[in-house]
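Undergrad: Questions regarding the structure given below will be posed in turn.
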Amino acid sequence: MATGKRLFGTSGIRGVPGEDLTPEFIAEISQAIGTFFEEGPILVGHDGRHFGHLIANNVAKALMNIGLDVGESGLIPTPALQYCVRKMNYIGGIMVTASHNPPKYNGIKVSGSDGIDLTRNEEIIVEGIYYEKKFRPANIKAVGNRFHETEAISTYVKGILSKVDIEKIKSRRFKVALDTGNGAQGAAAPQILEKLNCKLISLNAEVDGDFPGRGPEPTPDLLKELSEAVKTHGAEMGVAFDGDGDRSIFCDEKGVVHYGDRSAALLADYIFSKNPGAIIVTTVSASQAIDDIAKKHGLRILKTRVGSVDVSNAMVEHNAVFGLEENGGCFYNPHIPVRDGAMTTALILEALSNSEDPFSDMLDALPRYHQAKIKFECSKEQVHAIMKNIAVTAKGKIESIDGLKIWVGEKTWILIRPSGTEPIIRVFAESDDSEKLNSLMSEYSKIIKEILNDSV
Ligand code: MG
């Protein structure tokens, strides 16, 4: 098999339009994907990034050229496209998105007929077809058809509403601050919340590839406007999505924005109280709060590498009800085992509607750990040098499911992990003791900075 560098990262192929995502590359990789699927129809959609519609058009044309039919959803959140692929009987889906990456990026994410991202092995098969250029032959007499898939958003909205207790949520008439961050959930989430009788305070609602509001990544420190809106309007909850709408970050009624694993822990607690015997899937970077909750319910918890594909596949393999990532990605198998920001929001509203307590009290009742995150930009060589150095010098029990997770006590760990999509190293740490956390973060930040300075 002809080989070259891996094209798929942690979550699809990412690049900069006009630099690495050229029209030629898009055409050839789309033909490779179409050849892999063998037949259509394939559902193609895009988020609100610059050139998204143009890339989606190139993808559609390339698929039609090799004889595959193409449904075009236009602007759509990633989880909506994935849900529609499965629900509307497509053979596969291609989503043009770069999720939470900076505005200059775009990318391609491929789902199979079950709506779940291709497995690592399937990605490698696609890459093999691409490098060997063994595309399905084009035949001018057998060009595929294209059609607008006009029912995609409404199908998604109905799908989510069918998985929650609509009447119970409606009866509470929640006031919700909704920050779609100029991203693709602007096309679906407002409809879902309005059908749940929520009174909306909308922020950054306009879909815009520059993400002028607060950028495409909803990190808690960037959500001050959401926090203020919740407080000013007396909302019971605030929610912010990433650029393509598969991740959600929540703000309680006091205006406190929580890391994704707090809301995910709350949902885990809620869902598992309703599903005795269920299995949770999470990643090696998730909070110990999840372990504590699993223990409380006597449930099994499975840990995978960081990456939504790994969580989805483990959920299917073990028939898990719920999956979660520390970044706010939640996967609800009765809907579809991929992360979905709007499904997560509807579930949080259902949990709130079943509780007498305000959101902040529900979150406060969960096990709490101190956490810190930092990221360092570095080249591939620097990544290699850093990981090698830490593997040799680290003191503590090391887990190497993904990157290096170093336990320096029963309740204290630090995870050093190269990103699969960007030239950065991510460092996460967690402890039940804030002083231990701070000293651990400074110790490893110092090591990483020294290696970066030495290699300049
Ligand atoms: Mg995303």
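Residues checked against (1) small (Gly, Ala, Ser); (2) free of Cβ contacts under 8 Å to residues at least 60 places away in the same chain:
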residue: ILE293; (1), (2): no, no
residue: ASP310; (1), (2): no, yes
residue: VAL321; (1), (2): no, yes
residue: SER355; (1), (2): yes, yes
residue: PHE359; (1), (2): no, no
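Undergrad: If you don't mind, there's one more thing I want to ask. Give the residue, chosen from VAL85, VAL96, VAL70, VAL44, that is among the β-branched types (Val, Ile, Thr), under 29 Å from VAL157 (Cβ atoms) and touching a Pro at 6+ places or on another chain (Cβ under 7 Å).
TA: VAL70
Undergrad: For the range 311-330, name all the residues that are out of contact with any helix residue (DSSP H, G or I) (no Cβ under 9 Å at 6 or more places or on another chain) and within 15 Å of the ligand (Cβ to nearest atom).
TA: Selection gives VAL311, SER312.
Undergrad: Identify, please: which residue in the range 221-231 is in contact (Cβ under 8 Å) with a residue 12 or more places away in the chain and not charged (D, E, K, R) and is, among those, nearest to the ligand (Cβ to nearest atom)?
TA: Selected residue: LEU223.
Undergrad: While we're on this one: Name every residue in the range 242-256 that is closer than 24 Å to ASP210 by Cα and either among the acidic types (Asp, Glu) or near the ligand (Cβ under 8 Å from one of its atoms) (or both), in order of residue number.
TA: ASP242, GLY243, ASP244, GLY245, ASP246, ARG247
Undergrad: Something else: What number of residues in the range 381-404 are without any contact (Cβ under 8 Å) to a residue 40 or more places away in the chain, part of a helix (DSSP H, G or I) and more than 29 Å from the chain's Cα centre (by Cα)?
TA: Number of matching residues: 1.
Undergrad: Go through TYR259, TYR270 for me and flag whichever is of a type in the set (Ser, Thr, Tyr) and either within 16 Å of the ligand (Cβ to nearest atom) or closer than 25 Å to SER99 by Cβ (or both).
TA: Exactly one of TYR259, TYR270 is of a type in the set (Ser, Thr, Tyr) and either within 16 Å of the ligand (Cβ to nearest atom) or closer than 25 Å to SER99 by Cβ (or both), namely TYR259.
Undergrad: Assess whether SER431 counts as being at pLDDT below 90 and under 28 Å from PRO367 (Cβ atoms).
TA: Numbers: at pLDDT below 90: no; under 28 Å from PRO367 (Cβ atoms): yes.
Against the criterion (at pLDDT below 90 and under 28 Å from PRO367 (Cβ atoms)), SER431 does not qualify.
Undergrad: On to the next question. Among the residues of the range 36-55, which ones are surrounded by 20 or more Cβ atoms within 10 Å (Cβ to Cβ), modelled with pLDDT of 95 or more and farther than 19 Å from ILE76 by Cα?
TA: Listed by number, the residues that qualify are PHE36, PHE37.
Undergrad: Can you find, within the range 121-154, the residue that is farthest from the chain's Cα centre (by Cα) among those that are β-branched (Val, Ile, Thr) and buried (at least 17 other Cβ atoms within 10 Å of the Cβ)?
TA: Of everything passing the filter in the range 121-154, ILE129 is farthest from the chain's Cα centre (by Cα).
Undergrad: Going through the range 58-108 one residue at a time, which ones are of a type outside the set (Val, Ile, Thr), in a helix (DSSP H, G or I) and either within 15 Å of the ligand (Cβ to nearest atom) or within 22 Å of HIS335 (Cβ to Cβ) (or both)? Step through it out loud before you land on a result.
TA: We begin by selecting, within the range 58-108, every residue of a type outside the set (Val, Ile, Thr); these are 58, 60-65, 67-69, 71-75, 77, 79-84, 86-90, 92-93, 95, 98-107.
Now narrow it down to the ones that are in a helix (DSSP H, G or I): 58, 60-65, 79-84, 86-87.
Answer for the range 58-108, where residues must be of a type outside the set (Val, Ile, Thr), in a helix (DSSP H, G or I) and either within 15 Å of the ligand (Cβ to nearest atom) or within 22 Å of HIS335 (Cβ to Cβ) (or both): PRO79, ALA80, LEU81, GLN82, TYR83, CYS84, ARG86, LYS87.
Undergrad: For the range 112-169, which residues satisfy the criterion of being assigned to a loop (DSSP other than H, G, I, E, B), more than 30 Å from LEU352 (Cα to Cα) and free of Cβ contacts under 8 Å to residues at least 60 places away in the same chain?
TA: GLY112, SER113, THR150
Undergrad: Which of the residues spanning the range 174-189 are touching a helix residue (DSSP H, G or I) at 6+ places or on another chain (Cβ under 8 Å), of a type in the set (Gly, Ala, Ser) and not in a loop (DSSP other than H, G, I, E, B)?
TA: Correct list: ALA177, ALA184, ALA187, ALA189.
Undergrad: If I ask for residues that are within 25 Å of the chain's Cα centre (by Cα), touching a residue at least 40 places away in the same chain (Cβ under 8 Å) and under 18 Å from ILE386 (Cα atoms), which ones from the range 418-456 would you list?
TA: SER419, GLY420, THR421, GLU422, PRO423, ILE424, ILE425, ARG426, VAL427, PHE428, ALA429
Undergrad: Looking at ALA320, ALA294, which one is of a type in the set (A, V, I, L, M) and under 20 Å from the mean Cα position of the chain (by Cα)?
TA: On the way: ALA294 fails: under 20 Å from the mean Cα position of the chain (by Cα).
One residue alone meets the criteria, ALA320.
Undergrad: Considering only the range 422-436, state which residues are crowded, with 20+ Cβ neighbours inside 10 Å, closer than 14 Å to ILE374 by Cα and not acidic (Asp, Glu). Don't jump to the end; show me each part of the working.
TA: Filtering the range 422-436 for residues crowded, with 20+ Cβ neighbours inside 10 Å gives 425, 427-431.
Filter once more, so that each one left must be closer than 14 Å to ILE374 by Cα: 425, 427-430.
Hits for the range 422-436 are ILE425, VAL427, PHE428, ALA429.
Undergrad: Can you tell me which residues in the range 109-130 are of a type outside the set (Asp, Glu) and more than 16 Å from the ligand (Cβ to nearest atom)?
TA: Of all residues in the range 109-130, those of a type outside the set (Asp, Glu) come to 109-113, 115-116, 118-121, 124-126, 128-130.
Passing the criteria: GLY112, SER113, LEU118, THR119, ARG120, ASN121, ILE124, ILE125, VAL126, GLY128, ILE129, TYR130.
Undergrad: Restricting the search to the range 331-341, which residues are within 14 Å of ILE116 (Cα to Cα) and within 14 Å of the ligand (Cβ to nearest atom)?
TA: Within the range 331-341, PHE331, VAL338, ARG339, ASP340 meet the criteria.
The values are calculated or read from the model by the stated rules, or taken from the named source; none is laboratory data. In this text the structure is predicted, and so the values were computed from the model without any measurement. Because the Cβ atoms are built from the backbone with ideal geometry, glycine has one as well, and the counts that use them run over all protein chains shown.
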